[in-house]
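Just below is one structure, and these are the notes that go with it.
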Amino acid sequence: MKRPLLFILFVTGAIGLGTSCNENPPEDNLLLPTNLVHTITLSNTQKGRVEASIKADNANFYSILFETVNGFETPEMTGNKAVYTYVDTGWFQVKFRAHVSAAQYSEIIDSVYIEFKEITLENGFRSPESYDGYQLVWADEFNGTTLDMNSWTYEVGRGEWGWGNNELQYYHDGEKNATVMDGKLTITAKEESAGDAAYTSARIVTRGKKEFQFGRVDIRARLPKGQGIWPALWMLGSNIGDVSWPACGEIDIMEAVGHKPNEVFGTAHWGKSVPSTFNSKKYRLSTGDFTDSFYVYSIVWEKDKIEWYVNDVKYHTITPVNTGSIYPFNNPFFFIFNIAVGGNLPGSPDANTRFPQTMEIDYIRVFQTI
């Protein structure tokens, strides 16, 4: 199904209410404006046109600053309203200021994401629905309105040691950070508090419900990006409860770090104790990045061999020759889909990281030999 994205607006919510950026304190008995309320609205008739407004108590006048690729622009106000027309795709801050004087004001900052390119499920590579010598044994096309709980389970919380990687997010269950609509699953990482975490996201697994030993796996997805964003489509050995990680084995069908949006990794982890031994290889696009459209991430998994593919182009292989005497990859495995925030691999988000960030999954299909 198509979703119109000729011009997309994401508003992150207010970052916070602040006083003047002037280093001088307010004048005696001068009350800074309070109760700031702001709006951001996109035009239905003109691409890139953003209309913004602000109201506050005790304000003498207002200003609204629109971030651009070259700095901030301050268009002329019409009362408490301003209009700016963007010509670039990306995340941009919008600063709303309620003034008592030019130098004394209260400020609230929001963010807007603008995209002129139409990106739908029709964009990008699509894998076949069948292969010679294989039969489809399980698929989730995400065509409903809720996650299929006969196949998936939400993993919730902070995990031990940030899910073993010093990650910064809290994983919610339900539809807070994972939704199924318009023919796809969307996992969303947000900058919001949950307990002692400053970010939230979702992590879903098929453990105990859909576990497989060998086959071809195709996953069609569009990835997020940004410093500190860590999406993954991966697998763990079903015996993890008995032998723990990394002895159970880990197969990363696709793993990426958001500050390198034109690269993905295919990796296998194994070993008798932490840290794991691993074998990894990257796939790099020559132009564009993995947020631009949908790509298909695949493994062809046989006894004593795993091959990794992007859009049916093979870029990595492991066999027992690569792993020495330890090879846990001939056992059943289950799937995990998630976006982590921060952690050992990507590092923490920085001032340039925009939220929310989403990973959209069109389908997962598992084929096995006839």
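Considering only segment 34-69, how many residues are closer than 17 Å to Ile108 by Cβ, of a type in the set (A, V, I, L, M, F, W, C) and either touching a helix residue (DSSP H, G or I) at 6+ places or on another chain (Cβ under 9 Å) or surrounded by fewer than 19 Cβ atoms within 10 Å (Cβ to Cβ) (or both)?
3
Out of all the residues in segment 305-344, which are of a type in the set (Asp, Glu) and over 21 Å from Gly237 (Cβ atoms)?
Once the filter is applied, which keeps residues that are of a type in the set (Asp, Glu) and over 21 Å from Gly237 (Cβ atoms), segment 305-344 yields only Asp312.
Of the residues Phe92, Phe96, only one is of a type outside the set (Ser, Thr, Tyr), more than 20 Å from the chain's Cα centre (by Cα), buried (at least 16 other Cβ atoms within 10 Å of the Cβ) and not assigned by TED's automatic domain parsing to the domain that holds Thr358; which?
The conditions single out Phe96.
Quick one: would you say Phe72 is buried (at least 19 other Cβ atoms within 10 Å of the Cβ) and not in a loop (DSSP other than H, G, I, E, B)?
It is false that Phe72 is buried (at least 19 other Cβ atoms within 10 Å of the Cβ) and not in a loop (DSSP other than H, G, I, E, B).
Give Leu136, Leu168 a once-over and let me know the one that is surrounded by 14 or more Cβ atoms within 10 Å (Cβ to Cβ) and touching a Lys or Arg at 6+ places or on another chain (Cβ under 8 Å).
Leu136
Out of everything in segment 218-237 that is in a strand (DSSP E or B) and among the charged types (D, E, K, R), what residue ends up being nearest to the chain's Cα centre (by Cα)?
Narrowing segment 218-237 to residues in a strand (DSSP E or B): 218-222, 229-237.
Now restrict to residues that are among the charged types (D, E, K, R): 218, 220, 222.
Working: Asp218: 19, Arg220: 15, Arg222: 9 Å.
Residue satisfying both the conditions and the ranking: Arg222.
Report every pair of residues separated by at least 6 positions or lying on different chains whose Cβ atoms are under 7 Å apart, first residue within segment 157-171 and touching a residue at least 60 places away in the same chain (Cβ under 8 Å), second in a strand (DSSP E or B) and surrounded by fewer than 17 Cβ atoms within 10 Å (Cβ to Cβ).
Between residues of segment 157-171 that are touching a residue at least 60 places away in the same chain (Cβ under 8 Å) and residues that are in a strand (DSSP E or B) and surrounded by fewer than 17 Cβ atoms within 10 Å (Cβ to Cβ), the close pairs are Tyr171/Gly157.
Out of Glu67, Glu122, which single residue is modelled with pLDDT under 95 and outside any strand (DSSP E or B)?
Within the list Glu67, Glu122, the selection yields Glu122.
Which residue pairs have Cβ atoms under 6 Å apart, sit 6 or more places apart or on different chains, and have a first residue in segment 91-105 that is farther than 19 Å from Asp57 by Cβ and a second that is aromatic (Phe, Trp, Tyr) and surrounded by 20 or more Cβ atoms within 10 Å (Cβ to Cβ)?
Going by the 6 Å Cβ cut-off, the qualifying pairs are Val94/Phe66.
Here's the yes/no breakdown for (1) touching a strand residue (DSSP E or B) at 6+ places or on another chain (Cβ under 6 Å); (2) in the same structural domain as Thr179 (by TED's automatic domain parsing); (3) without any contact (Cβ under 8 Å) to a residue 40 or more places away in the chain:
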| residue | (1), (2), (3) |
| --- | --- |
| Lys314 | yes, yes, yes |
| Asn330 | no, yes, no |
| Phe337 | yes, yes, no |
| Val341 | yes, yes, no |
| Phe355 | yes, yes, no |
| Ile364 | yes, yes, no |
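When only residues in segment 258-298 that are part of a loop (DSSP other than H, G, I, E, B) and small (Gly, Ala, Ser) count, which is modelled with the lowest pLDDT?
Out of the qualifying residues, it is Gly288.
Filter segment 99-121 down to the residues that are acidic (Asp, Glu) and closer than 30 Å to Asp182 by Cβ, then identify the one that is surrounded by the fewest Cβ atoms within 10 Å (Cβ to Cβ). Break it down stepwise before answering.
Residues of segment 99-121 acidic (Asp, Glu): 107, 110, 115, 118.
Then drop every residue that is not closer than 30 Å to Asp182 by Cβ, which leaves 110, 115, 118.
Numbers: Asp110: 18, Glu115: 20, Glu118: 14.
Ranking the candidates gives Glu118 first.
Applying the selection to segment 154-200, what residues are among the polar types (S, T, N, Q), closer than 16 Å to Ile336 by Cα and touching an Asp or Glu at 6+ places or on another chain (Cβ under 9 Å)?
Within segment 154-200, Thr186 is the sole residue that qualifies.
With respect to Thr188, is the statement that it is under 16 Å from Ile318 (Cα atoms), in the same structural domain as Thr323 (by TED's automatic domain parsing) and in contact with a Pro (Cβ under 8 Å, 6 or more places away or on another chain) true?
No; evaluated as a whole, the condition is false for this residue.
Every residue, every condition in (1) among the aliphatic types (A, V, I, L, M); (2) over 16 Å from the mean Cα position of the chain (by Cα); (3) assigned by TED's automatic domain parsing to the domain that holds Glu141, yes or no:
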position: Met181; (1), (2), (3): yes, yes, yes
position: Gly195; (1), (2), (3): no, yes, yes
position: Arg216; (1), (2), (3): no, yes, yes
position: Glu250; (1), (2), (3): no, yes, yes
position: Ala256; (1), (2), (3): yes, no, yes
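Looking at Gly347, Gly342, which one is of a type in the set (Gly, Ala, Ser), more than 22 Å from Ser293 (Cα to Cα) and either surrounded by 19 or more Cβ atoms within 10 Å (Cβ to Cβ) or in contact with a Phe, Trp or Tyr (Cβ under 9 Å, 6 or more places away or on another chain) (or both)? Working first, answer last.
Details: Gly347 fails: either surrounded by 19 or more Cβ atoms within 10 Å (Cβ to Cβ) or in contact with a Phe, Trp or Tyr (Cβ under 9 Å, 6 or more places away or on another chain) (or both).
One residue alone meets the criteria, Gly342.
The values are calculated or read from the model by the stated rules, or taken from the named source; none is laboratory data. Not measured: the values here are computed from a predicted model. Cβ sites come from the backbone with ideal geometry, for glycine too, and all protein chains shown count toward neighbours.
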